[in-house]
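Asker: Here's a structure for you.
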Amino acid sequence: MKIYIDYDDCLCETARYFSVLVKEMFDKDIPYEKIRYFDLDLSFKLDEKQFTEMMTKAHEPEQLLSLEETPGASCTVNRWVDEGHEISIITGRPYSAYEASRTWLDRHGLERVKLYCLNKYGRDSFYLDNDFSLELDDYYKMKFDLAVEDSPRAFKYFDHLPELKVCVYDRPWNRENELPGDNYCRCRDWKEIDNILRSQSFKV
């Protein structure tokens with residue numbers, strides 16, 4: 001199977017880190033379970049200047065490398081690779097975060113998976129002359145059988161694949177969102193995601 005996996009809050013606990021960072025930087029106490037919106041400026045009640053400062057700090061290499069792994073992520077993905085599945089990690093992180101993001105994956109035993117930066121949210125410009133950044137036209141040429149994603153704002157990028165099975169990683173900021181269709185299912189952990197893959201493998 002060809003599998004799409006989002007990075008933040010699917011492979012690593014980015015939002016939990018943001019909660020700590022916002023407390024340290026601005027003395028705003030917004031626990032992880034209170035992060036109600038994918039738009040972090042709304043969730044953390046940050047003005048534009050604060051949001052920029054927070055995101056700049058959060059994307060420093062040492063900060064990205066410090067993120068905790070989501071339990072079960074690397075062992076599940078590695079098992080999929082061993083079984084012959086083709087894995088693409090497609091992140092909305094800016095291209096400037098690629099090297100640290102690649103290093104984090106390698107340190108967590110995921111050196112065999114491909115990593116791409118996709119301009120999902122229009123946050124910055126992307127280098128074109130490399131093999132890791134995707135413009136939307138390039139992304140739409142890719143085909144997937146299964147996707148793992150936490151962001152409701154990214155669901156629109158699956159509209160061109162009506163047969164795609166989408167595992168929505170259960171997070172506080174997506175619990176109030178109605179899932180777009182029957183091909184979407186909410187999963188609480190990587191064990192549930194793996195069970196979905198097992199059930200789909202017989203259909204591909």
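Asker: Do the conditions hold for Thr76, that is, is it more than 12 Å from Tyr7 (Cα to Cα), in a helix (DSSP H, G or I), touching an Asp or Glu at 6+ places or on another chain (Cβ under 8 Å) and not aromatic (Phe, Trp, Tyr)?
Answerer: Against the criterion (more than 12 Å from Tyr7 (Cα to Cα), in a helix (DSSP H, G or I), touching an Asp or Glu at 6+ places or on another chain (Cβ under 8 Å) and not aromatic (Phe, Trp, Tyr)), Thr76 qualifies.
Asker: Look through Asp8, Asp106 and report the one residue that is among the acidic types (Asp, Glu), surrounded by fewer than 14 Cβ atoms within 10 Å (Cβ to Cβ) and closer than 27 Å to Asp194 by Cα.
Answerer: Checking each option against the conditions leaves just Asp106.
Asker: Here is a follow-up. For Pro94, are the conditions met, namely being modelled with pLDDT of 95 or more and either in contact with a helix residue (DSSP H, G or I) (Cβ under 8 Å, 6 or more places away or on another chain) or under 23 Å from Glu69 (Cβ atoms) (or both)?
Answerer: So Pro94 fails the test.
Asker: Of everything in region 39-63, what is among the polar types (S, T, N, Q), within 19 Å of the chain's Cα centre (by Cα) and within 15 Å of Ser19 (Cβ to Cβ)? Give them in sequence order.
Answerer: Scanning region 39-63 gives Ser43, Gln63.
Asker: Here is a follow-up. Test Ser74 against the stated conditions and say whether it is of a type outside the set (D, E, K, R), buried (at least 18 other Cβ atoms within 10 Å of the Cβ) and in contact with a helix residue (DSSP H, G or I) (Cβ under 9 Å, 6 or more places away or on another chain). Give the derivation first.
Answerer: Values: of a type outside the set (D, E, K, R): yes; buried (at least 18 other Cβ atoms within 10 Å of the Cβ): yes; in contact with a helix residue (DSSP H, G or I) (Cβ under 9 Å, 6 or more places away or on another chain): yes.
It is true that Ser74 is of a type outside the set (D, E, K, R), buried (at least 18 other Cβ atoms within 10 Å of the Cβ) and in contact with a helix residue (DSSP H, G or I) (Cβ under 9 Å, 6 or more places away or on another chain).
Asker: Within region 76-99, work out how many residues are small (Gly, Ala, Ser) and within 17 Å of Cys10 (Cβ to Cβ). Can you show your working first?
Answerer: First, pick out the residues of region 76-99 that are small (Gly, Ala, Ser): 84, 88, 92, 96-97.
Among the residues that remain, those that are also within 17 Å of Cys10 (Cβ to Cβ) are: 88, 92, 97.
The total comes to 3.
Asker: Ok, one more. Looking at Ile3, Ile87, Ile30 in this structure, which one is of a type in the set (Val, Ile, Thr), more than 21 Å from Ile193 (Cβ to Cβ) and not in a helix (DSSP H, G or I)?
Answerer: On inspection, the qualifying residue turns out to be Ile30.
Asker: Considering only residues that are more than 15 Å from the chain's Cα centre (by Cα) and acidic (Asp, Glu), which ones fall in region 159-196?
Answerer: Asp159, Glu163, Glu176, Glu178, Asp182, Glu192, Asp194
Asker: Search region 18-33 for residues that are among the polar types (S, T, N, Q) and pair each with any residue that is modelled with pLDDT of 95 or more and in a helix (DSSP H, G or I) when their beta-carbon atoms are under 7 Å apart and the residues are at least 6 apart or on different chains.
Answerer: Ser19/Tyr32
The values are calculated or read from the model by the stated rules, or taken from the named source; none is laboratory data. Note that the structure is predicted; figures quoted are calculated from it, not measured. Cβ: placed from backbone, ideal geometry, glycine included. Neighbour counts: every protein chain shown.
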